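Only one structure is covered here, and it is reproduced in the block below.
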Amino acid sequence: MNNPIGIFDSGIGGLTVVKQLMHLMPEEQLIYFGDTARVPYGTKSKQLVQQYALQDAHFLLQYDVKMIVVACNTASASALDVLQENLDIPVLGVVTPGASSAAAQTRNGKIGVIGTSATINSNAYTDEIKRLSASAEVFAQACPLLVPLVEEGWLDDYVTSLTIKKYLHELLKVHMDTLILGCTHYPVLGEAIQKITGEAVTLIDSGKETAKAVQKMLSEKGMLHRGRKQAENRFFVSDIPAKFEEVGSRFLGKPLTNVERVDFDQFLIRSGLTDEFQR
Ligand code: DGL
């Protein structure tokens, strides 16, 4: 099935998931939407994140996508069920793949999870890990300052290192052996986080696990792209933030040039989505 895969995120963080999808399935066409006008989602209420997620997904449906990947951890944690109920194409989030991998890899059953405040407050990772492994102990910590530090490009900086150290202080005391990077931005800080945790802690990149889950699902459903790549990936954003290309390239691991800005308000009005999802 040669329709594109749709991916959305609150902003540009989801490019870490795109990077993994491109690596694993280079022949698939990807259509990305980053809601840069309304980022961050991680500090917003569940109700608002659900509304935004539905609108973002509808934007992607215009491109006849065969499935939707919710790259944003916050949106996956708060809105996956709503999306699955409302859309008639497969929708995959990042929480279940990340949680499954952690549950499978832990040796001592102690799993740490870090993410935005909304992701951690939702308990989505904890609930999913417990569902998979009732005996696992989950220790969750919101790390709200890490998103702006990554976007500022302070990857190898003592301020970032101190911030990580402070956030991980309690998690390190409980001797977790596995840590889920439950936010789109954290894989970019993988090295800095590993320096603080030490090599004995396995870091789980939810985005990477999600790319594998997407490939598995498409293959099982006979929906993988056949033949050579036919169309270029497209990247849409609802606003162009300062330094977008620089930050985006860091997330993607290669230059990002063809970014298209959309008038999202106009799209919502045109599609009658403003009232329908206003709660
Ligand atoms: N993409 C978000 C996530 O993975 C991080 C940025 C935000 O707060 O919107 O949770």
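Every number here is computed from the coordinates shown, using simple stated rules; none is lab data. Because the structure is predicted, anything quoted here is derived from the model rather than measured. Reconstructed Cβ throughout: ideal geometry from the backbone, glycine too, with neighbour counts over all protein chains shown.
Key figures for this structure:
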| quantity | calculated |
| --- | --- |
| Condition met for Val259 (surrounded by 15 or more Cβ atoms within 10 Å (Cβ to Cβ), free of Cβ contacts under 8 Å to residues at least 60 places away in the same chain and of a type outside the set (Gly, Ala, Ser)) | yes |
| The listed residue being over 20 Å from Gly14 (Cα atoms) and part of a helix (DSSP H, G or I), out of Lys195, Lys212 | Lys195 |
| Region 115-153, residues that are within 16 Å of the ligand (Cβ to nearest atom), hydrophobic (A, V, I, L, M, F, W, C) and not in a helix (DSSP H, G or I) | Ala140, Ala142, Cys143, Leu145 |
| Test: residue in region 152-165 that is among the hydrophobic types (A, V, I, L, M, F, W, C), buried (at least 16 other Cβ atoms within 10 Å of the Cβ) and farther than 18 Å from Ala99 by Cα | yes |
| Selection from region 101-117 of residues that are surrounded by 20 or more Cβ atoms within 10 Å (Cβ to Cβ) and among the small types (Gly, Ala, Ser) | Ser101, Ala102, Ala103, Gly112, Gly115 |
| Count - residues of region 85-119 that are within 23 Å of Gly11 (Cβ to Cβ) and free of Cβ contacts under 8 Å to residues at least 24 places away in the same chain | 0 |
| Qualifying residue in region 6-27 (condition: of a type outside the set (S, T, N, Q), away from the ligand (no atom under 15 Å from the Cβ), outside any helix (DSSP H, G or I) and in contact with a Gly (Cβ under 9 Å, 6 or more places away or on another chain)) | yes |
| Among the candidates Ile204, Ile240, residue that is in contact with a strand residue (DSSP E or B) (Cβ under 6 Å, 6 or more places away or on another chain), outside any strand (DSSP E or B), touching a residue at least 40 places away in the same chain (Cβ under 8 Å) and surrounded by 13 or more Cβ atoms within 10 Å (Cβ to Cβ) | Ile240 |
| Residue ID - nearest to Gly11 (Cα to Cα), chosen from residues in region 38-67 that are of a type in the set (D, E, K, R) and within 10 Å of the ligand (Cβ to nearest atom) | Arg38 |
| Counted residues, region 84-106 - those being more than 14 Å from Leu181 (Cβ to Cβ) and either within 15 Å of the ligand (Cβ to nearest atom) or touching a Lys or Arg at 6+ places or on another chain (Cβ under 6 Å) (or both) | 3 |
